[in-house]
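Please read the structure below before turning to the comments.
None of the figures in this text is laboratory data; all of them are computed from the coordinates on show. Keep in mind that this is a model prediction, so the values were computed, not measured. Here Cβ is always computed from backbone atoms with ideal geometry, including for glycine, and neighbour counts include all displayed protein chains.
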Amino acid sequence: MTEVRVAVLGASGWMGRVHTMAYQTFPHFFGDGGGTARVVALVSANPQAAQELSFRAPGAKLLPTWQDAVADPDVDLIDICLPDNLHYEVAKAALLAGKHVFCEKPLADTAAQARELADIAHEKGLITRVGHAFPRNPVHDLAKEIIDAGEIGEIKLFKGCQHVDMYGDPLAPYMWRANGDLAPTGIIGDTGSHVFSFMEFLVGKVSSLIADNFIVTEKRPVVDGVGYGGETALTGDEQWSDVTNPDGSNILCHFANGARGLIDFSRVATGRKFMQTYEVYGTKGSLAYTYDEVNRLRFYSNDDEVGRRGYREIDVGPEHETYRAFLPLPNFSLGYNESKIIEVAEVVKSIVSNQPMWPTFETGHHICQIVDACMDSSRQRAWVEIT
Ligand SMILES: NC(=O)c1ccc[n+]([C@@H]2O[C@H](COP(=O)([O-])OP(=O)(O)OC[C@H]3O[C@@H](n4cnc5c(N)ncnc54)[C@H](O)[C@@H]3O)[C@@H](O)[C@H]2O)c1
């Protein structure tokens, strides 16, 4: 197989639109040597929106339910861009039907579900991917290269955060993300899982943690048709719904390799439109990254001469294959959508040539273990071990 036939589920939502774009686009940058993809089916709970957007995938069928896509013999890869509570059920049905699966994060509502998915995929020899796209920006490959080469020595501390203010305003409308039935782990699985993916990529497995999860705004107005980032003037006649999952969390953790972690994230950080940072401190040096300078890594080394020590700023450039695919000059900036294009290029290549990639459902499982531990720890107000 050199052409992978894809069904995008949740096609009219944010991720559905990005994934559909990425399948069409990636060969422009990566060529067709690793295979190509054709979006053959789109599924949305909003058929009118799907109809309006179908120009993005010419010839694709508009299927009424995700079950139709899973049963479709013309589909090789099920791409899940649905609300979190559907991930496990849909991914399981797709794997059992013999489809490869690319699932947006968080992989599942619990680590036990994620484990089951990874095991089914393994038994059936199917390719899986979970949508932790941020670490696929080549600036993080550089960070990993420096760490793996021992240039910052033994890692002692990871500090990570991700803050957004989509719910900073207490009057910002309710959406599925605040509903504990549709997004059981709230911000922990939503935003926290991105920080956890950097931890897994750069430092390794977490062995224990203590978390303090919190809800800042208990009720939000329901406004039809207003979703992520939407702003609206309230009429005063709105119904109010309870926020039933965490708005944020502050976490201390230990990694299996002895390093420690300090992590915080929230969706109520008024004024922080999108803040994502990490710092990694080792015995010989350190690294620092902020999404505000998305292609830049700061690197401090004790090997530098005394009197000349300080953070050097390294802008990634075409020396990295996944940067070179897009741009011939350093610091022209690869952003979020390019990370998604890199992601689908890797998924298609892995299906066509059976090559390993990161992150698969195994990583999705590790990250769900951390999410579970955050939920348990905060409930118990105690440290929780992860085995
Ligand atoms: N990797 C990332 O950076 C990233 C960013 C945003 C969202 N996400 C994840 O992607 C997923 C989708 O998020 P989003 O922001 O695109 O949400 P969204 O609300 O914009 O889109 C959800 C889509 O699912 C559809 N849908 C809902 N229930 C359905 C059903 N039963 N059958 C068929 N379609 C249904 C809706 O019509 C909509 O098209 C979530 O799991 C989220 O956590 C990941």
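Working from Cα pairs under 8 Å separated by at least six residues, relative contact order for the stretch 10-99 is 27 percent.
In terms of overall dimensions, the C-alpha atoms belonging to the stretch 264-387 reach 50, 49, 34 Å along their principal axes, ordered largest to smallest. Residues I263, I386, ranked from the fewest to the most other C-beta atoms within 10 Å, line up as I386, I263.
In angstrom, the C-alpha Rg and Dmax of the chain are 20.9, 67. Listed by Cβ neighbour count within 10 Å, with the fewest neighbours leading, R272, R324 appear as R324, R272. Taking other residues whose beta carbon is less than 11 angstrom from the beta carbon of R115, and scoring Lys, Arg as +1 and Asp, Glu as -1, yields -4. If r is the Cβ-Cβ distance from T387 to D237 and R0 is 35 Å, what FRET efficiency results, to the nearest 0.05? The pair T387/D237 has a calculated efficiency of 0.10.
Annotation for the stretch 325-387: trypsin sites (Lys or Arg not before Pro) lying in DSSP loop with at most 10 further Cβ atoms inside 10 Å of their Cβ are R381. Counting Lys and Arg as +1 and Asp and Glu as -1, what is the net charge of the other residues whose Cβ lies under 12 Å from the Cβ of R379? Neighbourhood net charge equals -2. Distance from the alpha carbon centroid of the stretch 1-19 to that of the stretch 124-184 works out to 21 angstrom.
3J(HN,Hα) along the stretch 311-324, derived from phi through the Karplus expression 6.51 cos²θ - 1.76 cosθ + 1.60 where θ = phi - 60°, amounts to 6, 9, 9, 10, 8, 5, x, x, 5, 9, 3, 6, 7, 4 Hz, with x in place of Gly and Pro. Neighbour counts of C-beta atoms inside 10 Å place C81, C161, C368 in the sequence C161, C81, C368, starting with the fewest.
Of the GluC sites (Glu not before Pro) found in the stretch 162-259, the ones in coil according to DSSP and having at most 15 other Cβ atoms within 10 Å of their Cβ are E218, E231. Listed cross-link partners K144/K340; K156/K219; K99/K159; K92/K273 are compared with a 29 Å cut-off, the Cα-Cα value being larger for K156/K219; K99/K159; K92/K273.
Near the amide H of V4, under 5 Å away, which other amide H atoms are found, from residues 5 or more places off or on another chain, if H is placed in the peptide plane? Those lying under 5 Å, H to H, from V4 are T36, A37, R38.
Spatial offset of the stretch 46-88 relative to the stretch 325-387 amounts to 23 Å, using the alpha carbon center of each.
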